[in-house]
C-alpha cells in the first residue's frame with residue numbers, strides 16, 4: 001500500500017523549461033535596451049553570475065550584471081533594482097502567461113489526497129521558488145511539505161518562503177535524499193512512490209533508495225531550441241556535464257528500467273490501484 005508520494009516539481013508537474021527560458025530571454029531583451037548593450041553580452045554576463053551562484057535562478061541576478069553596475073555606477077543596489085524593474089516586469093508577465101500545469105495534475109493530486117496519501121514535493125530550484133510556484137498554480141494545499149536542496153542556504157531570498165518548506169542535505173541522484181524525506185515523513189521507502197522526469201537522476205535515485213519509481217514523460221508543445229538557450233545561461237561546469245553523462249551510463253549499463261512510465265499524469269491513479277492490489 002502506498003502511503004507517501006514524493007514528486008519532483010520542475011518538468012514533472014509543469015514545464016519549467018517551457019516557461020523559464022522564454023521569460024528569461026524576454027527579460028534579457030529588455031535589459032539590453034535599458035543598459036544599451038547587446039543581448040549576447042547580457043547573456044554572457046548572466047552565465048558567469050549563474051556559475052558563481054550554482055543556479056540559473058539566483059534572486060535579482062540582473063542586479064549583479066557588470067553592465068548594470070557600470071551603467072548605474074553611483075546607484076545603490078536597491079536603486080539599480082528600481083531602474084531594472086521594467087525587465088523584471090517583462091519576465092513576470094511572460095512567466096504568468098506560460099506557467100501552466102500539465103493536464104490532469106490538479107485532479108490527480110486531489111484524488112490522491114482524498115485517498116489519504118501524503119504528498120510532498122522535492123525541487124532543486126531555489127528555496128523560495130518551489131512552494132511559490134505551487135501556490136501560483138493553485139495546488140499548494142495538496143502538499144504536506146516541500147523539500148529543497150541545502151545548496152542554496154545563505155543566499156538572500158527574493159520572497160518569504162513557507163513553513164512547509166524544509167531543507168534536505170543531499171542532491172539528486174543520491175538515494176539518501178529520498179531516505180531522509182521518508183524519515184522526516186515517518187513513512188518507509190517500501191510504502192513510497194517517487195515521480196520524476198529524469199532517468200539518469202530521478203529514476204536512478206529512486207531505484208537505489210528502494211522506492212517504486214514513476215517516470216513522467218508528459219508531451220509538451222514547447223518551441224524548439226529551448227535546451228540550447230538554457231545551455232547558453234547554464235551554471236553547469238564541464239565536470240557537471242561529465243557527471244551527468246556518468247549517471248546516464250550507469251543507468252544504461254545496469255539495464256535499469258522505471259517501475260512505471262506515464263505520458264499523462266492521470267495514469268498515476270491506475271498505478272496506485274495496481275500497487276494496492278498486489
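The values are calculated or read from the model by the stated rules, or taken from the named source; none is laboratory data. What you see is a predicted model; the values in this text were computed from it and never measured. Because the Cβ atoms are built from the backbone with ideal geometry, glycine has one as well, and the counts that use them run over all protein chains shown.
Here are some notes:
- Of all residues in the range 12-46, those being in contact with a strand residue (DSSP E or B) (Cβ under 8 Å, 6 or more places away or on another chain) and at positive phi number 0.
- Condition broken by residue 198, with the remaining ones in (1) buried (at least 18 other Cβ atoms within 10 Å of the Cβ); (2) within 26 Å of residue 20 (Cβ to Cβ); (3) touching a strand residue (DSSP E or B) at 6+ places or on another chain (Cβ under 7 Å) satisfied: (3)
- Pairs where the first residue, in the range 170-182, is in contact (Cβ under 8 Å) with a residue 60 or more places away in the chain and assigned by TED's automatic domain parsing to the domain that holds residue 203 and the second is in a loop (DSSP other than H, G, I, E, B) and surrounded by fewer than 17 Cβ atoms within 10 Å (Cβ to Cβ), C-beta under 7 Å, 6+ apart: 182/188
- Between 42, 49, the distinction of being crowded, with 18+ Cβ neighbours inside 10 Å, within 23 Å of residue 223 (Cα to Cα) and not assigned by TED's automatic domain parsing to the domain that holds residue 147 belongs to 42 only.
Listed here are the residues, each with its yes/no results for (1) at pLDDT 95 or above; (2) buried (at least 17 other Cβ atoms within 10 Å of the Cβ); (3) outside any strand (DSSP E or B).
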| position | (1), (2), (3) |
| --- | --- |
| 94 | yes, yes, yes |
| 113 | yes, yes, yes |
| 129 | no, yes, yes |
| 133 | no, yes, yes |
| 148 | no, yes, no |
| 159 | no, no, yes |
| 190 | yes, no, yes |
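- Within the range 166-188, the set of residues being part of a helix (DSSP H, G or I), out of contact with any helix residue (DSSP H, G or I) (no Cβ under 6 Å at 6 or more places or on another chain) and under 14 Å from residue 118 (Cβ atoms) comprises 181, 183, 184, 185.
- Filter result for residue 204 (in contact (Cβ under 8 Å) with a residue 24 or more places away in the chain, assigned to a helix (DSSP H, G or I), farther than 21 Å from residue 271 by Cα and assigned by TED's automatic domain parsing to the domain that holds residue 10): no
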